[in-house]
Amino acid sequence: MLSTISVHLDHTERCEVRTLLAARLARLHRSHLIGIVPTSVPAECASARPIPCTKDGADVLVEASLYLRRRAETVAHVFRSRLAGATPLPCDTRLVDGEPAQAIVRLGRASDLIVAGQADEAAVVGDAERRLPGEVMLDAGRPVLIVPRAGRVAHVLDRVLVAWDGSREASISLRGAMPLLCKAAHVTLLSLVRDGPDTAHAPASWAMSGWLFRHGVQATIERSTTSLRISEALLHRAEALEADLLVMGGYGHARLRERVLGGVTRDVLARATLPVLMAH
């Protein structure tokens, strides 16, 4: 059940696609929709009196914070305007200070699904925004639906490809995607292994197929070996199936003070041209 869906809002052009997809899902699942708008105002500026920095008699720090808040308020206003229509949708917006990814994580944990955007290397955004989708996925403890930076997003996520490798992350992602799978017309459960001596140890899919069936999801089971990189093989299969959604585990680990994505996760997040649901 998706009682609450959160969507990350910003000033980029692709925000409209995320908003409309989140709204369609909220209407389909009768969810409450929360628009999360990170202001990018540093948390210390929001919680403490800023140190005066005078330039032509004006406090530069205050002016910058006011600009960022006004921009965030504009983003929130545009979100509400896009949702205004004949069919009312219960929703609200939350402006939150601090580092953007952690701002989304803090509020997103109070939802059943977080909708975020794929990092856009060409957009005029900072490094924190580019790392945002992966960091939210690794830290939120919720399934994250990542909308591609370009291309068409299906009106209905009707054809779903599930990448199944028997891992904890894949299991959590599959469980988080269940409300979407129950509404889908076609679900394919794909187990991929690289050519080599471990081919015989591919994860068994029959048990997961039975679990899905008992939830009302009749999935087609595929087991395949490949000489390609797993990420490349996954995206090729998604394209061949004309999938509207890819569900897979999200992998990463801590390295010093950084959160580092696993290779397959990083590649899919960078190259996917369809929505991807991940959980960690």
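The values are calculated or read from the model by the stated rules, or taken from the named source; none is laboratory data. Everything numeric here is computed off the predicted structure, so don't read it as measured data. Note that we place each Cβ from the backbone using ideal geometry, even for glycine, and neighbour counts take in every protein chain shown.
Worth a mention:
- The criterion of at least 1 residues that are of a type outside the set (A, V, I, L, M, F, W, C) is met, among strands (runs of 3 or more DSSP E) falling completely within region 82-160, by 91-96, 113-117.
- Only one entry in LEU138, LEU145, LEU180, LEU235 is without any contact (Cβ under 8 Å) to a residue 60 or more places away in the chain, buried (at least 18 other Cβ atoms within 10 Å of the Cβ) and either closer than 20 Å to ALA279 by Cβ or within 23 Å of the chain's Cα centre (by Cα) (or both), namely LEU235.
- Residue under evaluation THR87, criteria (1) over 19 Å from the mean Cα position of the chain (by Cα); (2) under 16 Å from VAL268 (Cα atoms), criterion not met: (2)
Residue by residue, here is whether (1) modelled with pLDDT of 90 or more; (2) of a type outside the set (Phe, Trp, Tyr); (3) surrounded by 15 or more Cβ atoms within 10 Å (Cβ to Cβ); (4) farther than 24 Å from VAL144 by Cα holds:
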site	(1), (2), (3), (4)
LEU2	yes, yes, yes, no
ARG18	yes, yes, yes, no
LEU25	yes, yes, yes, no
GLU44	no, yes, no, yes
SER47	no, yes, no, yes
CYS53	no, yes, no, yes
ASP59	no, yes, yes, yes
VAL62	no, yes, no, yes
PRO88	no, yes, no, yes
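- Only listed residue being out of contact with any His (no Cβ under 6 Å at 6 or more places or on another chain) and at pLDDT below 90, chosen from ASP112, ASP139, ASP97, ASP120: ASP120
- Residue list for region 165-189, restricted to those being of a type in the set (A, V, I, L, M) and either modelled with pLDDT under 95 or assigned to a helix (DSSP H, G or I) (or both): ALA170, ILE172, LEU174, ALA177, MET178, LEU180, LEU181
- Residues satisfying the stated conditions in region 223-232, i.e. over 25 Å from the mean Cα position of the chain (by Cα) and of a type in the set (D, E, K, R): ARG223
- The set of residues in region 64-81 that are surrounded by fewer than 14 Cβ atoms within 10 Å (Cβ to Cβ) and either assigned to a loop (DSSP other than H, G, I, E, B) or among the hydrophobic types (A, V, I, L, M, F, W, C) (or both) contains only LEU66.
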